[in-house]
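Asker: Pasting a structure below so you can have a look.
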Amino acid sequence: MKLIIAIVSNEDCTLLMKALIKHKYFVTKLSSSGGFLKKGNATLMIGAKDDEVDDIIGIISDYSKTRKELVPASIINDFGAMPSLPFEVTVGGATLFIVDVEKFIKL
């Protein structure tokens, strides 16, 4: 048994969860926020049998796409923060942690 911890964008979360549920996978959503852009994201916890992991990774890959976004920048100097041109960053996608589960109990 495995526990897949998937950190995904809020924009991708709803469709991803629907797809996982459609394929009969149990998923729990935890709201979280990222460190760099301070944007909301979701942490999904998915219990899976060992032979289901690759299928789940495929579903997550299909529904968690990266995209480009402009982010405002500021230059800090002796006089305070001064606005500068925004820069482009890649956001979205998914970060997965797959861990072994020693024991699973559903009450």
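The values are calculated or read from the model by the stated rules, or taken from the named source; none is laboratory data. Keep in mind that this is a model prediction, so the values were computed, not measured. Cβ placement follows ideal geometry from the backbone for every residue including glycine, while neighbour counts extend to all protein chains displayed.
Asker: Filter the range 40-60 down to the residues that are closer than 16 Å to Gly92 by Cβ and at pLDDT below 95 and list them by number.
Answerer: Gly40, Asn41, Ala42, Thr43
Asker: Let me ask you something else. Taking the conditions exactly as written (at pLDDT 95 or above and of a type in the set (A, V, I, L, M)), does Leu37 satisfy them or not?
Answerer: Working: at pLDDT 95 or above: no; of a type in the set (A, V, I, L, M): yes.
Judged against the criteria, Leu37 is not a match.
Asker: Filter the range 4-28 for residues that are of a type in the set (D, E, K, R) and buried (at least 16 other Cβ atoms within 10 Å of the Cβ) and give the result.
Answerer: Matches in the range 4-28: Glu11, Asp12.
Asker: Next question. For the range 37-54, what are the residues that are part of a helix (DSSP H, G or I) and surrounded by 13 or more Cβ atoms within 10 Å (Cβ to Cβ)? Quick ask: steps written out before the conclusion?
Answerer: At the first step, the residues of the range 37-54 found to be part of a helix (DSSP H, G or I) are 50-54.
Listed by number, the residues that qualify are Glu52, Val53.
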